[in-house]
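Step one of this worksheet: look at the structure below.
The values are calculated or read from the model by the stated rules, or taken from the named source; none is laboratory data. This structure is a prediction, so every number in the text was calculated from the model and none was measured. Here Cβ is always computed from backbone atoms with ideal geometry, including for glycine, and neighbour counts include all displayed protein chains. Side chains are part of the model used for accessible areas, which takes the heavy atoms of the whole protein and leaves out ligands, DNA and RNA. Shrake-Rupley method; radii C 1.70, N 1.55, O 1.52, S 1.80 Å.
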Amino acid sequence: MAQVGLAVRRAVLSAVGGLAGPWRPPCSTPGLRPRRHAAHFTFQPDPEPIQYGQTQKMNLFQSITSALDNVLSKDPTAVIFGEDVSFGGVFRCTVGLRDKYGKDRVFNTPLCEQGIVGFGIGVAAAGATAIAEIQFADYIFPAFDQIVNEAAKYRYRSGDLFNCGSLTIRAPWGCVGHGALYHSQSPEAFFAHCPGLKVVIPRSPIEAKGLLLSCIEDKNPCIFFEPKILYRAAVEQVPVEPYYLPLSEAEVLQDGSDVTLVAWGTQVHVIKEVAVMAQEKLGVSCEVIDLKTILPWDADTVCKLQMFLDLFCTLSYALYTEKRQ
């Protein structure tokens with residue numbers, strides 16, 4: 001099985017980086033530019049869901065807009081705020097919502113992430129539904145103390161007398177290929193060990209809308225990372241009306257008997273291609289799991305399967321980047 005594991009690892013690295021051999025540090029010879037590696041994948045849409053009523057063709061950012069529209073229409077206490085959200089945001093996820101619901105419910109904030117989250121904690125603690133946008137996931141670090149030491153611990157600190165469970169923090173996540181250091185990060189690992197939070201990353205427009213609505217309805221503060229490379233690249237038939245997908249419930253996308261591959265967000269599509277490559281080139285049968293919720297993760301599904309398999313491989317943008325550095 002060690003040989004199988006090494007072979008699958010090579011297949012994974014080949015798929016995400018186009019590697020033909022072992023990784024070596026970037027070239028430091030003056031005058032020579034280091035080779036750039038970029039992930040290559042093809043978005044694989046899910047079947048059209050028929051159980052939620054009428055559907056409409058949407059890309060991922062439009063499915064986010066649809067979810068936010070549903071919430072604002074249903075919940076009169078819901079407010080959306082962040083940098084540039086009033087004119088639609090840099091990725092157009094809130095386009096048209098200020099005109100439809102008014103400037104008191106969809107509004108801009110100063111360029112101050114700790115202020116955005118701190119304000120959201122207060123709004124949620126007062127009983128309203130707070131939906132905060134961090135313009136890029138990379139910008140979330142100034143708000144780290146507010147998220148980890150305030151939002152996550154608010155209920156515990158007050159002995160459950162108060163909470164900010166109606167706070168949801170949205171942020172575009174992951175790399176696109178040209179965003180450099182401040183527009184490419186995948187910071188979910190920083191929050192994955194913090195009790196009191198829920199961290200969710202969808203793989204597709206259908207998943208994005210259902211999971212975002214569940215985050216907003218959930219009675220715990222949630223961080224919802226949106227794969228920005230899929231905002232326009234991913235297109236599916238998405239239900240128009242609200243629907244809810246369960247949090248902390250992983251999905252087995254493909255059965256297998258030799259290897260378990262676990263991913264979330266964009267990388268789900270990468271490992272689905274890796275699974276095909278492993279079967280065709282190596283004769284290795286791969287189980288493919290979309291984790292969806294990073295915290296609290298679905299240990300029952302993953303570990304139950306792991307009991308029968310000999311190798312377990314987790315792939316994320318953050319892990320891949322760490323290897324590169």
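Results for (1) open to solvent by 30 Å² or more (accessible area, probe 1.4 Å); (2) at pLDDT 95 or above, shown as yes or no for each residue.
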residue: Ala2; (1), (2): yes, no
residue: Arg9; (1), (2): yes, no
residue: His37; (1), (2): yes, no
residue: Asp46; (1), (2): yes, yes
residue: Tyr52; (1), (2): yes, yes
residue: Phe81; (1), (2): no, yes
residue: Ser86; (1), (2): no, yes
residue: Gly96; (1), (2): yes, yes
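Output the residues belonging to segment 237-254 that are in contact with a strand residue (DSSP E or B) (Cβ under 6 Å, 6 or more places away or on another chain), open to solvent by 20 Å² or more (accessible area, probe 1.4 Å) and of a type outside the set (Ser, Thr, Tyr).
Gln237, Val240, Leu247, Glu251, Val252, Leu253, Gln254
When we screen Val176, Val148 for residues that are assigned to a helix (DSSP H, G or I) and not hydroxyl-bearing (Ser, Thr, Tyr), the only hit is Val148. Only residues that are assigned to a loop (DSSP other than H, G, I, E, B) and of a type outside the set (A, V, I, L, M, F, W, C) were counted in segment 291-304, giving 3. Taking the criterion of being within 12 Å of the chain's Cα centre (by Cα) and open to solvent by 10 Å² or more (accessible area, probe 1.4 Å), the only residue of segment 195-204 that qualifies is Lys198.
Reported count of residues in segment 152-189, each being of a type in the set (S, T, N, Q) and surrounded by fewer than 24 Cβ atoms within 10 Å (Cβ to Cβ), is 4.
Scoring Leu19 on the criteria (1) under 15 Å from Gly210 (Cβ atoms); (2) open to solvent by less than 60 Å² (accessible area, probe 1.4 Å); (3) modelled with pLDDT under 95; (4) not polar (S, T, N, Q) leaves a single failure, condition (1).
Screening Ala299 against (1) open to solvent by 30 Å² or more (accessible area, probe 1.4 Å); (2) at pLDDT 95 or above; (3) within 20 Å of the chain's Cα centre (by Cα) leaves a single unmet condition, (2).
Ser285 meets each of the listed conditions (1) in contact with a Gly (Cβ under 8 Å, 6 or more places away or on another chain); (2) open to solvent by less than 10 Å² (accessible area, probe 1.4 Å) apart from (2).
Between Ala126, Ala192, Ala137, the distinction of being crowded, with 22+ Cβ neighbours inside 10 Å and among the small types (Gly, Ala, Ser) belongs to Ala137 only.
The set of residues in segment 265-296 being of a type in the set (A, V, I, L, M, F, W, C), under 13 Å from Ile201 (Cβ atoms) and touching a helix residue (DSSP H, G or I) at 6+ places or on another chain (Cβ under 8 Å) consists of Leu291, Ile294, Leu295.
Condition check ((1) of a type outside the set (A, V, I, L, M, F, W, C); (2) over 22 Å from Ile229 (Cα atoms)) across all residues:
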site: Asn70; (1), (2): yes, yes
site: Ser73; (1), (2): yes, yes
site: Ile80; (1), (2): no, yes
site: Glu83; (1), (2): yes, no
site: Phe91; (1), (2): no, no
site: Asp99; (1), (2): yes, yes
site: Gly115; (1), (2): yes, yes
site: Ile121; (1), (2): no, yes
